[in-house]
1. From the phi of every residue in segment 176-184, what ³J(HN,Hα) in whole Hz does the Karplus formula 6.51 cos²θ - 1.76 cosθ + 1.60 yield, where θ is phi - 60° and glycine or proline is x?
2. Once amide H atoms are built 1.01 Å from N in the peptide plane, which residues 5 or more positions from ARG96, or in another chain, come under 5 Å H to H?
3. How far is it, in nm, from the label point at LYS298 to the one at ARG127 when both lie 7 Å from their Cα along the line to the Cβ?
4. Among residues other than ALA241 whose Cβ falls under 14 Å from its Cβ, what is the net charge (Lys/Arg +1, Asp/Glu -1)?
5. If you plug each phi of segment 105-112 into the Karplus form 6.51 cos²θ - 1.76 cosθ + 1.60 with θ = phi - 60°, what whole-Hz ³J(HN,Hα) values come out, in order, with x for Gly and Pro?
6. What net charge do the residues around MET202 carry, taking every other residue with its C-beta under 12 Å from that of MET202, with Lys and Arg at +1 and Asp and Glu at -1?
7. Give me Rg over Rh for segment 194-305, both radii from the alpha carbons and Rh done the Kirkwood way, two decimal places.
8. Net charge near THR84, counting Lys/Arg +1 and Asp/Glu -1 over other residues with Cβ under 13 Å of its Cβ?
Amino acid sequence: MTDMRQMVFDWFGGAGPAADTVSESPKPPEPAKPAGEYVPAEPIASLLSRAHFTHPRANREIVFEKARVAYEFRRGKRRTIGLTIGTEGLVVSAPRWTPLAEVETMLREKERWIIAKLGDARERHDRMESARIEWRDGASIPFLGEQVILVLDPRQRHGRGGAVLETGAESLPGVPRLTLHVGLPNSATPEQLRDTTQAWLMRQARRIFTARLDHFAPQLGVQWQKLSLSSAGTRWGSASADGSIRLNWRLVHFSESIIDYVVVHELAHLREMNHGPRFWAHVESVMPDYAERRGELKDEAVPTW
């Protein structure tokens with residue numbers, strides 16, 4: 001009899017019975033087990049040694065040699081099987097007519113790639129969680145690659161809702177040398193501290209981005225016309241043919257080296273609106289080590305707000 005859980009998974013997939021039916025040869029009856037004895041389908045040590053990856057909307061599961069992966073399975077109007085791995089886990093998309101056996105065969109062929117990418121996604125997620133900001137007096141945030149301590153400072157010389165960055169002339173090893181004095185009362189809520197700090201960071205972002213655009217544009221032989229700040233979740237920047245540049249303000253968390261790479265990347269699009277060889281040649285002409293900086297950007301964890 002078909003396992004009920006598997007039937008539910010198949011229904012969620014949206015395919016008809018004919019498409020998902022996999023014929024199996026009859027199996028000999030299993031030997032009777034003594035009453036009350038639990039015999040696992042495989043050794044417990046093997047079960048415990050596997051890594052587990054579970055998508056929050058998982059409706060199917062596959063067991064590899066070294067990992068158990070519960071993934072979200074979708075069917076739709078497409079011609080090939082597609083695999084997408086993000087922070088939530090594995091998503092498998094397949095044409096409506098593709099048998100489940102064919103989907104599983106592909107997953108097993110891609111087993112090493114899937115496990116490696118899931119591991120990378122989990123590691124990145126863990127880094128992001130460890131970088132989560134706790135909005136309180138004494139908390140720290142990254143700014144231009146350095147840690148900055150937030151200090152609630154109700155003195156009015158900062159102006160209402162303002163903030164001033166102070167640099168310690170001397171600091172102990174491992175102790176942040178920067179403090180951001182935020183003009184809020186000691187009774188300020190976490191939301192007030194977050195919003196005021198964000199406003200300060202965005203002002204710094206516009207100032208810094210403008211200076212770097214002005215620095216690199218002549219080197220690339222282009223002119224930019226307008227700068228906009230974005231809060232996109234997965235995109236660091238964009239450029240339009242009319243000279244408009246959009247940059248994610250959260251880049252100010254990172255080092256100037258990484259910011260410069262994104263700035264050059266977008267300015268180069270004013271020469272080539274693609275990612276072809278000529279585009280990368282323009283980037284390399286002013287930034288020979290762009291590949292290294294690009295890798296650093298991919299490895300950075302954006303603080304969780």
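1. x, 8, 10, 10, 9, 8, 9, x, 10
2. GLY76, ARG78
3. Taking the two extended label points, one gets 1.1 nm.
4. Working: positive: LYS226, ARG246, ARG271; negative: ASP242, GLU266, GLU272.
Charge balance near ALA241 sits at 0.
5. Listing the rounded values in order: 4, 5, 4, 5, 5, 9, 3, 5 Hz.
6. Numbers: positive: ARG203, ARG206, ARG207, ARG250; negative: ASP195.
So the environment of MET202 carries a net charge of +3.
7. Details: Rg = 13.6 Å, Rh = 14.2 Å.
Rg/Rh: 0.95.
8. Summing Lys/Arg as +1 and Asp/Glu as -1 gives +3.
Computed from the coordinates by the stated procedures, all read-outs in this text should not be read as laboratory data. Only a predicted model underlies this, so the values are computations on that prediction, with no experimental measurement involved. Cβ coordinates were reconstructed from backbone atoms using ideal geometry, including for glycine residues, and neighbour counts include every protein chain displayed.
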